[in-house]
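*Asks:* Quick one: the structure is below, and I'll ask about it shortly.
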Amino acid sequence: MSATFRYYSISPWEIETLYDTLKRSFEVDDEEVQPDDPQYVSMVEISFPVLYGESFFQEFSMDSWHKVKEVLKNMKRRRGRRGVKTYVRFAGFGDTTIPVVFPLLSKGDRQYEMGIEKLEYLVDVVPLQLRTVPASAEEVLYSYDEATFKWSPAIALVRGINYSYKNDEWLPPKK
């Protein structure tokens, strides 16, 4: 099983620390990519080849998870308002292999830190929130609300169409 680590505009120390931490538990495919968004000075995408849940935090270990969180939070602090675009992906959730993605696109240090911190506390909630995800979904994206400091389901990609999550149901786009 390989974790994927993609990035741009991060320091050699940040690359080495994240790579070495991921390498403790997984094979790692790393790739430096070209910047794709002028609003963000740096980008980090980590794709874990396992399901999101308590077993991930046991398998990867809380020490490794805390190390990843600290590197990401410090990276954000050093870049300030210039921004770090971060994606944390998992191969699935609960007992399904529909990938789940937690994008963190906050410009504020505190909101970014809160979003990273709360990821480990969602393990019981995600399977409940996603119990009605369309069976043919290819990926589910969460959204972090900076006003309420909460993660919630946002989009399910189904055959190339983005379904939105509203009032506990998945709705296709309005025509």
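No value in this document is a laboratory result; all are computed from the given coordinates. Quick caveat: nothing in here was measured; it's all calculated off a predicted structure. Counting neighbours? That spans all protein chains shown, and the Cβs are built from the backbone with ideal geometry, glycine included.
*Asks:* Going highest first, how would you order 132-138, 30-36 by mean Cβ packing within 10 Å? Don't jump to the answer; show the numbers that get you there.
*Replies:* On the way: 132-138: 14.1, 30-36: 10.9.
Ranked by mean Cβ neighbours within 10 Å, highest first: 132-138, 30-36.
*Asks:* Near LYS175, which lysines are there with a Cα under 19 Å away, not counting those fewer than 8 places off in the same chain?
*Replies:* LYS166
*Asks:* So who's got an amide H within less than 5 Å of the one on LYS150, skipping anything under 5 residues away but keeping other chains? H placed 1.01 Å off N, in plane.
*Replies:* Residues meeting the amide H criterion: ASP145.
*Asks:* Near the amide H of GLU138, under 5 Å away, which other amide H atoms are found, from residues 5 or more places off or on another chain, if H is placed in the peptide plane?
*Replies:* LEU157, VAL158, ARG159
*Asks:* Amide H to amide H, which residues 5 or more places from ASP30 or on other chains are under 5 Å from it, using H placed in the peptide plane?
*Replies:* So ASP30 has HN proximity to PHE5.
*Asks:* Here's something else I'd like to know. Taking the beta-carbon count within 10 Å as an exposure proxy, list THR4, THR148, THR86 from fewest neighbours to most.
*Replies:* THR148, THR4, THR86
*Asks:* How large is ³J(HN,Hα), in whole Hz, for each residue of the stretch 7-14 in order, when computed from phi with the Karplus curve 6.51 cos²θ - 1.76 cosθ + 1.60 and θ = phi - 60°, using x for Gly and Pro?
*Replies:* 6, 8, 6, 10, 6, x, 5, 5
*Asks:* Rounded, prolate or oblate, given the Cα gyration tensor of the stretch 100-142, with a/c below 1.5 counting as rounded?
*Replies:* oblate
*Asks:* Let me ask something else about it. In sequence order, what are the phi-derived ³J(HN,Hα) couplings for the stretch 34-45 according to the Karplus relation 6.51 cos²θ - 1.76 cosθ + 1.60 with θ = phi - 60°, rounded to whole Hz, with x for glycine and proline?
*Replies:* 7, x, 10, 8, x, 6, 10, 7, 9, 9, 9, 10
*Asks:* I want the antiparallel fraction of DSSP beta bridges within the chain, as a percent rounded to 5.
*Replies:* Values: 26 of 43 bridges.
Bridges in the chain are about 60 percent antiparallel.
*Asks:* List the equivalent ellipsoid semi-axes of the stretch 2-171 in whole Å, largest first, each obtained as the square root of 5λ for an eigenvalue λ of the Cα gyration tensor.
*Replies:* Numbers: eigenvalues 123, 70, 48 Å².
Equivalent ellipsoid of the stretch 2-171: 25, 19, 15 Å, largest first.
*Asks:* Next question, about the same structure. When the Karplus curve 6.51 cos²θ - 1.76 cosθ + 1.60 is applied with θ = phi - 60°, which whole-Hz ³J(HN,Hα) does each residue of the stretch 148-154 get, with x for Gly and Pro?
*Replies:* Result, ordered by residue: 9, 6, 10, 8, 8, x, 10 Hz.
*Asks:* Here is a follow-up. Starting from the stretch 57-131, pick out the trypsin sites (Lys or Arg not before Pro) whose DSSP state is loop and whose Cβ has at most 11 other Cβ atoms within 10 Å.
*Replies:* ARG131
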